[in-house]
Amino acid sequence: MIHAYKLIKKLDPNHPVGLTQAPRGTIEQLKPYNAAADILLLDIYPIGYPPGRHSLWPNKEISMVGDYTKFIKDVAGEKPVWMVLQIAWSGVVKPGKTLRFPTFAQERFMTYQALINGARGLIYFGGNIEKAMRPEDARLGWNWTFWRRVLRPVLEEVGNNSPLAPALVAPESKLPVRIDGADDVEFCVRQVGRDIYILACKREGETVEVEFSGLPDWVGQGQVMYESPRTVLARDGRFTDWFAPFDVHVYRFHREAEMKIE
């Protein structure tokens, strides 16, 4: 694999090489393969009957996406990480299996959880599997029904042309933001120009109200993106909000005056 990697880089030095790992093995077992790639990927497909069979880990909920994102980050070290998420896979199309797709809410949660936990790119696998297509889609060679119903609305939030795109490629913020009130709400903070973004999602469990703190004192009313006209109001660098299981909230706070990024 290293020989092939070096050959590819010699023939085409201007493009990165990605290597996709299955949700198998240990950090120590997978790390040697890093020498054959510029980007480390991992595919994980939680949706099926019974749930979670693609993973050997105890967690069978869709929140396994976050677990495996953190896992492949530990494998990758300083190299960037992408996650490969589900449209369809062998576990829902092989003989004896039951066809099942992620819903919009599930795909949205898995997308944001991967991003929050450090994924810097996403691939959605299985749109070309003919056994998972309607006849009209099969004639066109891709699962356009899933695209219209699920994937396009997700990518309208996180795609290259989305309002959130600048935050998704920004480095992690050093602001000392923390959450109190739950230990199963995951989040990341990004700063772009005069904007502070917080991406947050909650795993399975109880509905909770949490408090975010550690924001600058100037932060006031914030937009909850993709939930218009809902807003949150911060005072003294703090605000509260509710999270149900598998909820995703994206907050944007804008400062009218120039802001120094730290």
Convert each backbone phi in region 163-173 into a coupling constant with the Karplus relation 6.51 cos²θ - 1.76 cosθ + 1.60 (shift: θ = phi - 60°), then list the ³J(HN,Hα) values in order as whole Hz, x for Gly and Pro.
x, 8, 3, x, 6, 6, 9, 7, x, 5, 6
Strictly over 27 Å apart at the Cα level, which of Lys70/Lys202; Lys31/Lys94; Lys9/Lys131; Lys9/Lys73; Lys10/Lys79 would you flag in this model?
Lys31/Lys94; Lys9/Lys131
Calculate, in nm to one decimal, what Asn59 and Val169 gain on full extension: separation in residues at 0.36 nm each, minus their alpha carbon distance.
36.7 nm
Compute the separation of the alpha-carbon centres of region 9-68 and region 99-170 and state it in Å as a whole number.
18 Å
Segments 80-89, 162-171 sorted - mean Cβ within 10 Å per residue, highest first:
80-89, 162-171
Once the Cβ-Cβ distance between Lys10 and Arg149 is put in as r, and R0 is 35 Å, what FRET efficiency do you end up with, to the nearest 0.05?
0.20
Could you work out how much longer the chain between Glu78 and Ile123 gets when fully extended? Use 0.36 nm per residue separation minus the Cα distance between them, nm to one decimal.
14.2 nm
In the P(r) worked out for region 78-183, what percent of Cα pairs fall beyond 20 Å?
50 percent
I want to verify a result. In a Gaussian network model of the chain, Cα cutoff 10 Å, which of these has the top mean-square fluctuation: Thr111, Thr69, Thr26?
Thr26
Can you tell me the orientation of helix 2-11 relative to the chain, as the angle in degrees between its alpha-carbon axis and the longest Cα principal axis, to the nearest 10?
80 degrees
On each of the three principal axes of the Cα atoms of the chain, give max minus min coordinate, whole Å, ordered largest first.
56, 42, 37
Please report the relative contact order for the chain, taking Cα pairs under 8 Å with a sequence separation of at least 6, and give it as a percent rounded to a whole number.
13 percent
Loop by DSSP (not H, G, I, E, B), at most 12 other beta-carbon atoms within 10 Å: where is the longest site-free stretch of the chain for trypsin sites (Lys or Arg not before Pro)?
25-173
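Each reported figure results from applying straightforward, stated rules to the coordinates on display, with no laboratory input. Not measured: the values here are computed from a predicted model. For neighbour counting, all protein chains shown are included, and Cβ atoms are generated from backbone atoms with ideal geometry for every residue, glycine included.
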